Amino acid sequence: MKIKIVADSSCDILCMEEVDFCTAPLIISTDEKDYIDDETLDVAQMRKELSEYKGRSGTACPNIDCWMSCYADADEVYVVTMTSNLSGTYNSAMAAKELYLQEHPDTKIHVFDTLSTGPEMRLLIEKIVEWKKGGIPFETVCEKGTEYLKHTRLFFVLESMHNLVQNGRVSKVAAIAAGVLGIRAMGTASSEGTLEMVAKCRGYKKIVSEYMHQLEKIGYQGGKLRIAHANNLELAETLKNAVQKVYNTLDVMIYETRGLCSFYAEEGGILIGCETI
Ligand code: X90
């Protein structure tokens, strides 16, 4: 039996070991150029070009054809998407599923709307790999996955919300009202899959203390931690050390954001996914 795990490129993963994994790339574009968020994208170069670019930039979700080609040649497909409340990615993946099943009615496809992105998607993907290695059947993986997402969280620190506001993913009025426009702030993925800002964080000290406060609030007990950073290894390491000191967290991974998350988190931004109780 052939099993495939498919995710959109906001998961920041290019390949997974011991499993057939592929991503459907989102596209970041300016009037001059499209940046396809796949393994060929030079993220540092994109960041440099966008910082020098004066016009508007935007993003587009993977289209139905793209998802359908990701589903091809498998008996079971597990699809992990970013929040349906900020992107058309989930709807596109669902439409592709319906179309694909018309021609391949025996294929099993499940699409998870993570109501989140980045590292929280990674946590789910890693779990699916674990469950499939353990021989857990399709229906059970779907149920367990949905349940698992209730026990994972995403926090993020953004240097700027410029691209989120410019692309209508966050309302400018709301950002101004929360006092977070133009300054560094911490937020979390709300239960509806939107951005919920929790605090302004001028210095790194404040970021660390605020994050530790949030972890305490959600009842974190040392579960897996996944940190994706947009060119800010220093902050990623600082947070990792702070968490490990208090919770003895063993399973931590730090890695760089790919195109989509780099674009929206912006240079220096960071996304942290963790398991809760
Ligand atoms: O064009 C598209 O369909 C993509 C739109 C994506 C919009 C949001 C991306 C967020 C990336 C920023 C911080 C994390 C926010 C998480 C909230 C659920 C990363």
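Key figures for this structure:
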{"quantity": "Pair list, Cβ < 8 Å and 6+ apart or interchain, from the range 79-99 residues that are farther than 21 Å from R153 by Cα to residues that are more than 9 Å from the ligand (Cβ to nearest atom) and of a type in the set (D, E)", "calculated": "A96/D65"}
{"quantity": "Matching helices (runs of 4 or more DSSP H) fully within the range 194-271 where at least 1 residues are among the β-branched types (V, I, T) and within 15 Å of the ligand (Cβ to nearest atom)", "calculated": "204-217"}
{"quantity": "Qualifying residues in the range 51-83 (those that are more than 16 Å from the ligand (Cβ to nearest atom), crowded, with 17+ Cβ neighbours inside 10 Å and of a type in the set (A, V, I, L, M)) - the one nearest to L124 (Cα to Cα)", "calculated": "V77"}
{"quantity": "Pick from the range 115-156, criterion in a loop (DSSP other than H, G, I, E, B) and free of Cβ contacts under 8 Å to residues at least 60 places away in the same chain, ranking: surrounded by the most Cβ atoms within 10 Å (Cβ to Cβ)", "calculated": "I136"}
{"quantity": "G203 being free of Cβ contacts under 8 Å to residues at least 40 places away in the same chain and at positive phi", "calculated": "no"}
{"quantity": "Residues satisfying the stated conditions in the range 177-193, i.e. touching a strand residue (DSSP E or B) at 6+ places or on another chain (Cβ under 7 Å), more than 9 Å from the ligand (Cβ to nearest atom) and either part of a strand (DSSP E or B) or not basic (K, R) (or both)", "calculated": "A178, G179, V180, I183, A185, M186"}
{"quantity": "A174 being within 14 Å of the ligand (Cβ to nearest atom), of a type outside the set (D, E, K, R) and touching a residue at least 40 places away in the same chain (Cβ under 8 Å)", "calculated": "no"}
{"quantity": "Residue among L101, L86 that is away from the ligand (no atom under 13 Å from the Cβ) and among the hydrophobic types (A, V, I, L, M, F, W, C)", "calculated": "L101"}
{"quantity": "Qualifying positions in the range 1-30 - within 16 Å of the ligand (Cβ to nearest atom) and not in a strand (DSSP E or B)", "calculated": "S9, S10, C11, D12, I13, P25, L26"}
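Here, each number is a calculation from the coordinates, and none is a lab measurement. Since we're looking at a predicted model, the values are computed, not measured. When we count neighbours, we look across all protein chains shown, and the Cβ atoms used for this are built from the backbone with ideal geometry, even at glycine.
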